[in-house]
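Working notes, structure below.
The values are calculated or read from the model by the stated rules, or taken from the named source; none is laboratory data. Model, not experiment: these values are computed from the prediction. Only protein heavy atoms, including side chains, enter the accessible area calculation; ligands, DNA and RNA are left aside. Shrake-Rupley method; radii C 1.70, N 1.55, O 1.52, S 1.80 Å.
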Amino acid sequence: MSGARIGIELGIRAPAKAVRRAAELAGSYAEYFLVPETHPRIMGVDALDMILEVSAGLPSRARMGTGVINVFSRTREDMLYQALRIHRTVGERFILGIGTSAPVVVEGMWKMAFRRPVSRLVSYTKSLRVHGYAGPIYWAAVGERVLQLAIQNADGIIFFLKPRSHMPKHIRVIRERASPEFGIMSIIPVSVSSSTAHDARMDVNMTVAGYVGANGFYGEPLAAAGFDVAGIRDAYSREGVRGGARMVCDSMLDEVQAVWGTPGSCARVIRGMARKSEADVLVLGFDLPPDRYDDAFFEDLGTLLRGL
């Protein structure tokens, strides 16, 4: 398949055993494998520890990275130590994806003040470089200010829930101002199921509603694109994520390039998206509750990846 390369990422709630299993599939059928992180003691995994663990089993062509870790929950020294340890093991195959996260995570989970997040992102990046980390650093970028600073300080960008209508402008800025080697990753919500027992459309609705409802940063670009973000946030606050999910419309799912359906139908859509994508890497993000990463999910995921 020509066009954007394919990566996969499980959601922030995926348990370690599911991440290990996904890494095996990525090693066989994808070129990139990302691990996100929120708070390992509350949900999901420690992304850096997990990347180091699974790296030994991935083939030499596969690249891996954090997608993403925040710059509040670790000291500069700790992040440097872990990044150097992984880079010494796998070299340029490792991409350190970092971002500011948001108050709901930093203040709500980590109990830290969410102060000067963008300045902190810049200072962490510079500190890593000064102290010898030579691997690629990608920034999670939601707003235009972070994008501009990423072009100056980072090696690439990671988009998530970026409105399709905003992408041409951002890509143009990157192509005009960044080096030719500057990388672009785009994470898209995907839900695949060959069974009628699971509503794949509701899965992607809940992914969008969960991020937009809990994190104002992700809602801002969608609001600017003309969507009823306030309605989603209001329903989310009153009824939880399912309430917010009912407010996510077809046009919003199209705008964030969400994909859902059977393995075959998803593969056809993703092949078409990859051929047209201006991103270098299209990362398929599977955001589910921990118990949904079962045998049926991995059978469907394997079928989808083989179809690409």
*Across every pair of different alpha-carbon atoms, what Kirkwood hydrodynamic radius in Å does segment 99-225 reach?*
16.4 Å
*Starting from the residue with the highest accessible area, list E176, E144, E9 in decreasing order, probe 1.4 Å.*
E176, E144, E9
_How large are Rg and Dmax for segment 1-135 when calculated on the C-alpha trace, in angstrom?_
14.9, 45
*From the backbone phi of segment 31-41, what are the Karplus-calculated ³J(HN,Hα) couplings (6.51 cos²θ - 1.76 cosθ + 1.60, θ = phi - 60°) in whole Hz, Gly and Pro given as x?*
9, 9, 9, 10, 10, x, 8, 10, 7, x, 7
*Candidate residues C266, C249: accessible-area rank, largest first, probe 1.4 Å*: C249, C266
*Which whole-Hz couplings ³J(HN,Hα) result when phi for each residue of segment 296-307 is put into the Karplus expression 6.51 cos²θ - 1.76 cosθ + 1.60, θ = phi - 60°, listed in order with x for Gly and Pro?*
5, 4, 6, 5, 5, 4, x, 4, 4, 5, 5, x
*What are the lysines whose alpha-carbon lies under 29 Å from the alpha-carbon of K111, with same-chain residues fewer than 8 places away excluded?*
K17, K126, K162
*Would you work out what percent of the accessible area of the chain, with all protein chains in place, is carbon or sulfur (probe 1.4 Å)?*
50 percent
